[in-house]
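Heads up: the structure comes next, in structure tokens.
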Amino acid sequence: MTTQTQTPATPTGKKGGSATTIVVASLMLFSMFFGAGNLIFPPMVGVASGTNFWPAILGFLAAGVLLPVLAVVAVSISGQSVRDIGNHGGKFFGIVFSAMAYLAIGAFYALPRTGAVSMETAITPLFGWEGFGANVTYNIIFFLVALVLSWKPNSIIDTLGKFLTPALVILLFVLITLASFGAERVPATPSEDYTSSAMVTGLFEGYNTMDAIAGLAFSIVIVTSLKSKGFKEGKPVVSGTITAAVIAGGLLAAIYLGLGWIGQTIPNGQSYESGATLLADAANSTMGDIGQAVFSAIVILACMTTAVGLIVATSEFFVQLVPKTTYHFWAVLFTLLSIAFAFQGLETVLAIAVPFITFLYPPAITLIALTLLQPMVKNAVRFRWAFLLALWTSVIWSALSVLAGQGWLAGIQPLLDVSPGQAVGLGWFAPTAIAALIGVGIDFAQRNK
């Protein structure tokens, strides 16, 4: 039996201890969410949005903060795992969707990205190391360290929440404070995408953090960690998880706003093509020669904390999916797969994973929304067909959209374009909402009958 299934310790009964544990758990959750993408996207939103900064950053926060927090809340209030709430779409949907979600945030995309991004944005600029040999060496070291830190899953609340995350947050606040207030804000003219639909464009930049899916997956880590610290099943764990999610979300929002503000204050911001280069220059201009070292430390810490969280979350899920296996088997397997994928470089990882992630978002958001809505109307109607029709509609529409976007079913694009918002990737919303309403009608009729 793996360590994550151990019987929780007896609560101490000390309120201060419980409060401290929740704060540490929130820092752990923040660090798992806050990877390299979360670091480099917001400053580019600040640059590109120009004078439309506020609607753009609010859109980014909606997808990059609100959705992940709601995902954690949805899983916690249901008292179930991602697979369990996914079973509302049928057992096949529950298994396949949850497995795809964990693989997406694990070995197939987000996990190897932590190694690839930290190499390209932290190690190469700081030490000048590049090429296949340097890439292989660094990624082996990086992921082996991540594996060691995640070897005992019940201890990561201390490893991340008490040690690595405070260091990361302190460095981030130093960078944001010096860079944001060291120069005058002179926002430029918004780029084309941010001129007509700033909030929607910011929303899709928030999508790119992939944290809505991660929120569904990370819930298991928070719940397991709180139980290991003495929180009992039921209300104590649920309320603790929700509180930790809200605190982590507030910290994420503050950091995102600060990073976006740097994009508004750095001179000639629109000349930058990468948020990593922008932040590195901001660090160098405010801290001198030590600036690049500080920025590299931020990137490595952000990537390492995320990698540890991803290894733990995916391994704990798959050991529950395949009970005869062990946590350590999956942890080693996903570490090795991540090393192999990271060898290919960031561009290759993104090319393979982006369609995969694009496909997962609509059913993930649908599942979160219906799971949160069900407790509000449970006395009037129990969702069954609402889940089935809405989830499968979102799956089919999303799959067709991705295939058409890849040029494999180009002939179907005119039919998809009939739906409002298809041009900006939101075409799935209207048919899914209609399917959900039809399902609610069927559920209500069957209840009354």
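The values are calculated or read from the model by the stated rules, or taken from the named source; none is laboratory data. This structure is a prediction, so every number in the text was calculated from the model and none was measured. Reconstructed Cβ throughout: ideal geometry from the backbone, glycine too, with neighbour counts over all protein chains shown. All accessible areas refer to the heavy atoms of the entire protein, side chains included, with ligands and DNA or RNA removed. Shrake-Rupley method; radii C 1.70, N 1.55, O 1.52, S 1.80 Å.
Screening Ser274 against (1) open to solvent by 60 Å² or more (accessible area, probe 1.4 Å); (2) farther than 30 Å from Ala430 by Cβ; (3) among the polar types (S, T, N, Q); (4) modelled with pLDDT under 90 leaves a single unmet condition, (1). Tell me which residues, restricted to the range 226-256, are touching a Leu at 6+ places or on another chain (Cβ under 9 Å), within 23 Å of Tyr207 (Cα to Cα) and open to solvent by 20 Å² or more (accessible area, probe 1.4 Å). Selection gives Ile247, Leu251, Ala253.
Within 26 Å of Ser81 (Cβ to Cβ), under 17 Å from the mean Cα position of the chain (by Cα) and part of a loop (DSSP other than H, G, I, E, B), is that true of Thr209? Answer is yes for this residue.
Working only within the range 76-100, note down all residues that are over 18 Å from Leu388 (Cβ atoms), among the hydrophobic types (A, V, I, L, M, F, W, C) and at pLDDT below 90. Answer for the range 76-100, where residues must be over 18 Å from Leu388 (Cβ atoms), among the hydrophobic types (A, V, I, L, M, F, W, C) and at pLDDT below 90: just Ile77. Answer yes or no: is there a residue in the range 290-302 that is more than 25 Å from Tyr102 (Cβ to Cβ) and out of contact with any helix residue (DSSP H, G or I) (no Cβ under 8 Å at 6 or more places or on another chain). So far as the range 290-302 goes, yes, one or more of its residues are more than 25 Å from Tyr102 (Cβ to Cβ) and out of contact with any helix residue (DSSP H, G or I) (no Cβ under 8 Å at 6 or more places or on another chain). With respect to the conditions (1) among the hydrophobic types (A, V, I, L, M, F, W, C); (2) within 27 Å of Gly250 (Cβ to Cβ); (3) not in a helix (DSSP H, G or I), Phe108 falls short on a single one, namely (2). Among the helices (runs of 4 or more DSSP H) confined to the range 239-354, the ones with at least 2 residues that are within 26 Å of Leu111 (Cβ to Cβ) and without any contact (Cβ under 8 Å) to a residue 40 or more places away in the chain are located at 327-342. Confirm whether Leu103 is under 19 Å from Ser150 (Cβ atoms), crowded, with 24+ Cβ neighbours inside 10 Å and either at pLDDT below 95 or within 13 Å of the chain's Cα centre (by Cα) (or both). When the stated conditions are applied, Leu103 does not pass them.
Restricted to helices (runs of 4 or more DSSP H) entirely inside the range 36-99, those with at least 2 residues that are hydrophobic (A, V, I, L, M, F, W, C), open to solvent by less than 20 Å² (accessible area, probe 1.4 Å) and farther than 19 Å from Gly269 by Cβ are 67-78, 82-86. Residues that are in contact with a Phe, Trp or Tyr (Cβ under 8 Å, 6 or more places away or on another chain) and assigned to a helix (DSSP H, G or I) within the range 169-195 comprise Val169, Leu175, Ile176, Ser180, listed in sequence order. Count of the range 431-449 residues, restricted to those that are surrounded by fewer than 15 Cβ atoms within 10 Å (Cβ to Cβ), more than 14 Å from Phe383 (Cβ to Cβ) and at pLDDT 95 or above, is 1.
Residues of the range 345-396 that are under 20 Å from Ala71 (Cα atoms), of a type in the set (S, T, N, Q) and open to solvent by 60 Å² or more (accessible area, probe 1.4 Å): Thr358 alone.
Select from the range 397-430 the residues that are part of a helix (DSSP H, G or I), more than 16 Å from Gly89 (Cα to Cα) and open to solvent by 40 Å² or more (accessible area, probe 1.4 Å) and list them in ascending order. Within the range 397-430, Leu400, Leu403, Gly405, Ala410, Gly411, Ile412, Gln413, Pro414, Leu415, Ala423, Val424, Phe429 meet the criteria.
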